[in-house]
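Derivation of every value follows stated rules applied to the coordinates shown; laboratory data play no part. On a predicted model such as this, the values are computed, not experimentally measured, just so you know. Positions of Cβ are backbone-derived with ideal geometry, glycine not excepted, and every protein chain shown enters the neighbour counts.
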Amino acid sequence: MKKTLLFSLCLFTITAQAQKPELVLPAIHSSPIRDICFSADSRYMATCAGSEIKLWEQKTGRLIRTIQSSLPIAEIALSKDGSRLVCGTYCGATQFLQDQGKVPDINTEVQLWDMVSGKKLRSLEAFGKPVCIEHAEISDDGNQVIALYGKQITLWDARSGVEKWTIEGKGNADFSPDGAHLMLNHYGTLSVDCVA
C-alpha cells in the first residue's frame, strides 16, 4: 500500500509540474502569431505576427527588441547566440501591400537581421516571383542561410549575401552546430553536404 501511495504521489507531482508553464507572456502581438523559435543556447525566444518580430529573454520573458519588417513574415530562425535572425516573407505579401494602398511590385525575400542593433543587414533574393517561404534556417555561427520555397532550395553566404547554390526540390534542411555541414532532405533522399 505504501509503495502504491508513494508512486501515485510522485506521478501526481510530476503531472502537476508538467502542466504548470514556467513563463507565460501576455498578449504579445496585435495579430495571430505565425512562427516562434528559440536560440540554440536557449537564452532567447523570437515570435512573429504580421510584419512584426519580437525578441524575448527566455528566463524572464523580458522584451528585448521589436522589429518591423516591410513585408509579412512566415518563418523565423535565430542564430545560436540570438544575435542574428533570418526570416522569410509569405505569399500573402502581395495582398498585404494592396491592403495598405501600395503597389505590390515585390519579390518574396529572405531577410537577415542584426538583433543587437535591430537593423536589417540584407535581403536575400533568388526567387523572381512571389512564393511562400516554407522554411528558413541560419547556421549557428550566423554565416550561412538556407531557405526552402516553392520547389526550390537556396543557400546563401550571410556575410556577403551571395547565393552559393539553388537546387530544384522540396524537403527540409538543418545546419550542423559548427555550420560546416548541411543535412538536406530532398524529395525523401537524405544527404549531408560540406558547406563551409
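Amide hydrogen proximity for TYR44: with H placed 1.01 Å from N in the peptide plane, the residues at 5 or more positions away or on another chain lying under 5 Å are SER39, GLN58.
Couplings 3J(HN,Hα) of segment 55-65, computed from phi: 10, 10, 7, 5, 5, 9, x, 5, 6, 8, 7 Hz, in residue order, whole Hz [Karplus 6.51 cos²θ - 1.76 cosθ + 1.60, θ = phi - 60°; x for Gly and Pro].
The amide H of GLN152, built 1.01 Å from its N in the peptide plane, has GLY169 as neighbours under 5 Å, considering only residues 5 or more places off or on other chains. Taking θ as phi - 60° and the Karplus parameters 6.51, -1.76 and 1.60, the scalar couplings of segment 187-196 work out to 6, x, 9, 8, 9, 10, 10, 7, 10, 6 Hz in sequence order, x denoting glycine and proline. If you wrap segment 26-194 in the convex hull of its Cα atoms and look at it from every side, the mean projected area works out to 9.8 nm².
Sorting the segments 65-76, 140-151 by their residues' average number of neighbouring beta-carbon atoms within 10 angstrom, most packed first, yields 140-151, 65-76. Taking all Cα pairs closer than 8 Å and separated by 6 or more residues, the relative contact order of segment 26-194 comes to 13 percent.
Near LEU78: Cβ cut-off under 13 Å, other residues only, Lys/Arg at +1 and Asp/Glu at -1. The net charge is -4. Scanning residues 5 or more positions from GLU75 or on other chains, those with amide H under 5 Å from its amide H are GLY88, with H placed 1.01 Å from N in the peptide plane.
At R0 = 41 Å, how high is the FRET efficiency between GLN152 and GLN68 if r is their beta carbon distance? Nearest 0.05 is fine. Result of the calculation: an efficiency of 0.90. In this label model, SER123 and GLU163 are separated by 1.5 nm, measuring between points 7 Å along each Cα→Cβ vector.
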